[in-house]
């Protein structure tokens, strides 16, 4: 069971962990022990997440979201299998917490009259500088 906040708790059946041998440091231990973890969260089928949160989570997950609607998080940072499990679960919880907050709506604004004037004045001045760069006629 993974607690996200007071309201949202992810049940054990929604999470699947698989372990594999990790790359990187670890000496001969890296060839013997499966320390890397792949955490699979069935997000699309999860009853604990509202539909709006699921859609934001899908956008935040990017390539980690599968066609079946599962979110896959991999971790092979440490030599310890238990620590890699904790890191993967923390990453999942953090991603879901980020998906819980709805983005603020953008309010469209018009540029001020003064800023439009300044922009056009700067464009005219730049155009004049460029016009003076032409070749000098012979007399």
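Quick notes on this one:
- Selected residue [modelled with pLDDT of 90 or more and surrounded by 10 or more Cβ atoms within 10 Å (Cβ to Cβ)] from 73, 107: 73
- Residue match in the range 58-78 (condition: closer than 17 Å to residue 2 by Cβ and over 17 Å from the mean Cα position of the chain (by Cα)): no
- Residues of the range 4-27 satisfying the condition of being exposed (fewer than 10 other Cβ atoms within 10 Å of the Cβ) and touching a residue at least 12 places away in the same chain (Cβ under 8 Å): 23, 25
- Residues that are over 18 Å from the mean Cα position of the chain (by Cα) and farther than 23 Å from residue 83 by Cα within the range 23-48 comprise 45, 46, 47, 48, listed in sequence order.
- Single condition residue 30 does not satisfy, out of (1) part of a loop (DSSP other than H, G, I, E, B); (2) surrounded by 16 or more Cβ atoms within 10 Å (Cβ to Cβ): (1)
- Scope the range 78-102; condition surrounded by 15 or more Cβ atoms within 10 Å (Cβ to Cβ) and farther than 17 Å from residue 53 by Cβ; matching residues: 78, 79, 81, 84, 85, 87, 88, 89
The values are calculated or read from the model by the stated rules, or taken from the named source; none is laboratory data. Keep in mind that what you see is a predicted model, and the values were worked out from it rather than measured. Here Cβ is always computed from backbone atoms with ideal geometry, including for glycine, and neighbour counts include all displayed protein chains.
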